[in-house]
Every structure is written in structure tokens, then in C-alpha cells.
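Notes follow the structure.
The values are calculated or read from the model by the stated rules, or taken from the named source; none is laboratory data. Note that the structure is a prediction, hence the values are computed from the model and not measured. So basically every Cβ, Gly included, is an ideal-geometry build from the backbone, and we count neighbours across all protein chains shown.
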Amino acid sequence: MAAENVVIMGGGPAGLAAGYELAKKGYRVTLIEKEKQVGGISKTVEKDGYRFDQGGHRFFTKIEEVEQLWNEVLEEDFLLRPRLSRIFYRGKFFDYPIKPFNALSGLGLYESMKIVGSYMKVKVKPIHPEESFEDWVTNRFGYRLFNHFFKSYTEKVWGMSTKELKAEWAAQRIQGLNLVKAVTNALFKQFKKNSIKTLIEEFHYPRLGPGQMYESMARAIEKCGGKVLLNARVSRINMNGPKFIAVEYVDQTGQENRIEADHAISSLPLRDLIHLLRPGLDPDVVKAGDLLKYRDFISVNLALNKEFLFPDNWIYVHSPEVNLGRVQNFKQWSPSMVPEEGCSSLGLEYFCNEGDELWSSPDDDLIDMAVEEISQIGLIEKDIVKWGWVVRVPKAYPVYDDDYQEAMPAIKRFLNGLDNLQTIGRNGLHRYNNMDHSILTGILAAQNIQGARHDLWEVNTDEEYHEEMETKH
């Protein structure tokens, strides 16, 4: 029997994992990626030898298939790194994940007593029904601790009230953690086999950033005979009822191309996928797709004339007086991210919506703002900045709001009715998956093509750990 053709739309972690697994098995894989490099929001970009993540991407998993894939692809360049992250709030640093004694001592005795009282109050009378992010976190930490350490940062990230963000997001991202468990972990820190992912203290990381993992995966696909097409934009997906027939795309020269295949896998944003399908869909499905929203971000990357800045891998900036949301300290992720001795680099993250005032600001204005804000809160001095570089990242985070809850049932019904087209990854499922869970959806989709019957919607619904309250993997 001749090898089957598989076309994969999207070259992020999920799409690459699917392509890698299938290419190894002898399938004829063609992967289409609209950017000039693979990796999606987990790619690593480079300027003057400095390497910058689009956010920070820890490699930590309890999923055996994912860990095996990572080690198989990267081998000796997979570093084990210590984790340190803190919150900057009210001019002070607080440990993150939250360590109750550290947090309470930083806030003072009087406020600490009120926090404990707030926690006891919600244990006696919890919020029910638990509908919003605010409800979910308050039920586990009390309102006052929520107000100090969750509210301001979450509203920066999402650009909406914590009353509007759905409880489902919190349940998916920080399941298993509450104040009692956080205290228990602080008291019995010597027991290293922690079941809560939020509390891990070290992680793996590619020596040259996460892009090194995904660039290596793309090369492995090509080595197995597959094709990885960059600067290629999907323009049309041809269907015959529930059956995928072919994909059309525009290459970097502007030429239209067509690929017929036996199977298709897509990690494209669901809203985009629905509009690309031909013939057109039921208007109700199109309407549901248009309800889906995304949150975007800007990374202002700085090269600095200073050897050591601070020990953290990253810092959350909860302080409401600045727009800055999070700071990545790339030398603490891997020294190889910085090419010059006596220097370091930072990624300053701003959360926004594509097309808004912040997104549309000139690069020079964004760099000036970032330098001003990070010096204002005292993390660096302005005079050590060598240069800045702005990277905009669209559709980084799927939004969980009322529209999402209304839209997904119709979209799921439609997708579940397709014969040979699967959707995977964060945007392909409109789920705020961690990187490892996104990769798992790719692996399972590849297994489905080989005869398995995995339900990809069930990935990351009952794992024993979930990601900490961050903005991305």
C-alpha cells in the first residue's frame, strides 16, 4: 500500500509534533507555515546574535510521550535549569508561586490577619455558582489574597475584568492549588515529588531557546522525506461534505499552489479555519467562529551592557502604575541566549489587542516606554540599554468569555463531524493549553491517522497538574 499524504497547516509545537510522528512512520508529510520560521509563539527570534523568546517557555511535563519526543529531538542541548520567578508589587518582590509566609510578611501583620480572615470566610460560605475567574480563585485563596496577587495582573493580561473571565480558564490552568496546599508545600519543601505543576523548582530548556527544539523538529521531518514550507499562507481548504480534499496556499513568491492529501491536521486559529473552508459552512457555524476572540502581546527586547541583572528567570509586574506585564531575563534561562561577555538581555511583555493603540504605536515609542517603565520600578538603569527591538505576537491567547461559551458547542459539533480533518494545539482547539499539552494533541492526532480514536478535546481536562497562572507556556 502506498504511503498516505498528510498536510499539516501550522508549524507551531503541535503541528510539528504531528508531522514528526507521522514522518517517522513513513507518511508523506507537507507542513505549511505562514511565518519565515517554525515554532509559532514558541519560536526564538534572533537579532545581532541575541536570541529572544516570545515570552518564556519552560519544558516541564509529566506526559511520557512528550518527554520522550523532546529528549529524542534535542539530546545533549537540553539543559536543566533552576526556576526563580517573583512578583513585583507595591515596590516589593514576592515569591511566585505564592509562598504564604513570604506574602504575608511582605504585606504586614494587620493585612495578613485580614487575609486569613478572608480565607476563613470563604471556606465557611463559598461563592456558588462558581462562574468567573474571580469566583474560582477567591474560593481557593480568599478575596483579599486574590485582590493582591491575582486581580491586577490578570486584568493586565486579558484586558477585561476578572468577573468577565470565565472560571473554566482558572480551572484549566491552576487546578489542584489552593492556600492550604501552598502552605503545606512551604512547610514540607523537602518532599520534592510535587504533584502540583505550579510549584516545580526546575525545568528543562534548550540551550538556544525553544526555537532550537522546533527548528530541529522541522529538520527531522525533512530528513524523513517530508516538506516544511515557510512563508506559505493557506488561502482555501477544499471539502466534499465532511471530507477534506485539498488545501490551497500562496507561497513567498505570490504563486497559488494546491496540495491534495488523504488527511489534514490544522493548528490554525478556529476563527480563521472556519472562513477558509469551501464550500462555505452553515451560517450558524460561521457566526460561532466569529464570536471567538484572542489576546495579543508585544515583546520589547532589550540588549544591555551589564553582566548580571537579577537572579529571576522572569518577573511578574503587578504594579498598576506601569503597563509592563512581565519581564523575561534570558541569560537566566540559558547563558547562550546572550552572545557577548559582560552583557545581558530582557524581554518586556505588554498585553494588548491587535490594532489597538498600544499595538499600533511606533517601535521607537514602545522601546522608550519600556525603558522608562522598567527603570521606573528600579529593575535596571536606563544608561545600560544598548538597543531595543520590538516583536508583535498576534493571537497568542484564546479568550474565555461569555461569547466563547456560547460559540464552542456549535463549533465542536461541526468539527467532530469531519472525516479526515483534525484540529490541534492552542488555537486549533481554542484552549489555553500548555506547550506540552499542545504537543500531545499533535501526537494523538498522528496516532488517530494510524487508526487510534483519541478525543483531542479531552487533552488537559483531567491531568494531575496544570500550568501556573501565567500568560503562556
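Here is a list of conditions, (1) charged (D, E, K, R); (2) in contact with an Asp or Glu (Cβ under 9 Å, 6 or more places away or on another chain); (3) under 24 Å from Gly11 (Cα atoms), and Lys306 meets all of them except one; can you say which number that is?
With (1) charged (D, E, K, R); (2) in contact with an Asp or Glu (Cβ under 9 Å, 6 or more places away or on another chain); (3) under 24 Å from Gly11 (Cα atoms) applied to Lys306, the lone miss is (3).
Quick one: Val45 ticks every box in (1) under 16 Å from Ala14 (Cα atoms); (2) modelled with pLDDT of 95 or more except a single one, so which number is it?
Condition (1) is where Val45 drops out.
So, Lys156, is that one modelled with pLDDT of 90 or more, within 30 Å of Ser216 (Cβ to Cβ) and within 25 Å of the chain's Cα centre (by Cα) or not?
no
Restricting to the stretch 275-318, what's the tally of residues that are over 21 Å from the mean Cα position of the chain (by Cα) and among the charged types (D, E, K, R)?
Looking only at that region, the number is 7.
Spot the failing condition for Lys223; the list is (1) surrounded by 17 or more Cβ atoms within 10 Å (Cβ to Cβ); (2) closer than 22 Å to Ile443 by Cα, and only one is missed.
Here Lys223 meets the rest and fails (1).
Among the numbered criteria (1) free of Cβ contacts under 8 Å to residues at least 24 places away in the same chain; (2) under 23 Å from Asp401 (Cβ atoms), which one does Leu281 miss?
Condition (1) is where Leu281 drops out.
Here's the yes/no breakdown for (1) closer than 30 Å to Arg219 by Cα; (2) in the same structural domain as Met435 (by TED's automatic domain parsing); (3) in contact with a Gly (Cβ under 9 Å, 6 or more places away or on another chain); (4) among the basic types (Lys, Arg):
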| residue | (1), (2), (3), (4) |
| --- | --- |
| Leu84 | no, no, no, no |
| Gly91 | no, no, yes, no |
| Ala103 | no, no, no, no |
| Leu109 | no, no, no, no |
| Val116 | no, no, yes, no |
| Lys125 | no, no, no, yes |
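Could you grab me the full set of residues in the stretch 20-34 that are farther than 12 Å from Val6 by Cα and buried (at least 24 other Cβ atoms within 10 Å of the Cβ)?
The answer is Glu33, and nothing else.
Any idea which of Ala3, Ala103, Ala17 is farther than 23 Å from Asp436 by Cα, surrounded by 17 or more Cβ atoms within 10 Å (Cβ to Cβ) and of a type in the set (A, V, I, L, M, F, W, C)?
Ala103
Of the residues Ala103, Ala170, which single one is part of a helix (DSSP H, G or I), of a type in the set (A, V, I, L, M) and under 21 Å from the mean Cα position of the chain (by Cα)?
Just one listed residue meets the conditions, Ala170.
Residue under question is Lys43, and the condition is that it be touching a helix residue (DSSP H, G or I) at 6+ places or on another chain (Cβ under 7 Å), without any contact (Cβ under 8 Å) to a residue 24 or more places away in the chain and among the basic types (Lys, Arg); does it hold?
No, not satisfied.
Quick check: is even one residue across the stretch 69-89 over 23 Å from the mean Cα position of the chain (by Cα) and surrounded by 17 or more Cβ atoms within 10 Å (Cβ to Cβ)?
yes
Please go through the stretch 230-262 and give me each residue that is under 24 Å from the mean Cα position of the chain (by Cα) and crowded, with 18+ Cβ neighbours inside 10 Å, ordered by number.
Ala232, Val234, listed by residue number.
Quick one: which of Val38, Val6, Val29, Val45 is in contact with a Cys (Cβ under 8 Å, 6 or more places away or on another chain) and not in a helix (DSSP H, G or I)?
After applying the criteria, what remains is Val29.
Specify which of the listed residues (Val183, Val122) is among the hydrophobic types (A, V, I, L, M, F, W, C), at pLDDT 90 or above and part of a helix (DSSP H, G or I).
None of the others qualify; the one that does is Val122.
Could you check, for the stretch 354-363, whether at least one of its residues is part of a loop (DSSP other than H, G, I, E, B), surrounded by 18 or more Cβ atoms within 10 Å (Cβ to Cβ) and touching a strand residue (DSSP E or B) at 6+ places or on another chain (Cβ under 7 Å)?
Looking through the stretch 354-363, none of the residues is part of a loop (DSSP other than H, G, I, E, B), surrounded by 18 or more Cβ atoms within 10 Å (Cβ to Cβ) and touching a strand residue (DSSP E or B) at 6+ places or on another chain (Cβ under 7 Å).
From (1) assigned to a helix (DSSP H, G or I); (2) at pLDDT 95 or above, pick out the condition that doesn't hold for Tyr404.
(2)
Cβ contacts < 7 Å: first residue in the same structural domain as Pro242 (by TED's automatic domain parsing) and assigned to a helix (DSSP H, G or I), restricted to the stretch 413-430; second residue among the hydroxyl-bearing types (Ser, Thr, Tyr) and at pLDDT below 95, any location; separation 6+ or different chain. Result?
Arg426/Tyr432
Using the structure shown, decide if Glu202 is under 25 Å from Gly12 (Cα atoms), surrounded by fewer than 19 Cβ atoms within 10 Å (Cβ to Cβ) and modelled with pLDDT under 95.
yes
Of the residues in the stretch 71-80, how many are touching a residue at least 24 places away in the same chain (Cβ under 8 Å) and either of a type outside the set (D, E, K, R) or outside any helix (DSSP H, G or I) (or both)?
Qualifying residue count, the stretch 71-80: 5.
Which one of Ser345, Ser360 is hydroxyl-bearing (Ser, Thr, Tyr) and over 17 Å from Ala396 (Cα atoms)?
Ser345
List the pairs whose first member sits in the stretch 50-70 and is under 16 Å from Leu346 (Cα atoms), whose second member is of a type in the set (Lys, Arg), and whose Cβ atoms are under 6 Å apart, counting only residues at least 6 apart or on separate chains?
Filtered contacts from the stretch 50-70: Gly55/Lys472.
Tell me, which residue of the stretch 372-389 that is assigned to a helix (DSSP H, G or I) and of a type outside the set (Asp, Glu) is farthest from Tyr350 (Cα to Cα)?
Selected residue: Ile384.
Within the stretch 205-260, can you find the residues that are over 25 Å from Phe78 (Cα atoms), among the acidic types (Asp, Glu) and free of Cβ contacts under 8 Å to residues at least 24 places away in the same chain?
The answer is Glu248, Asp251, Glu256.
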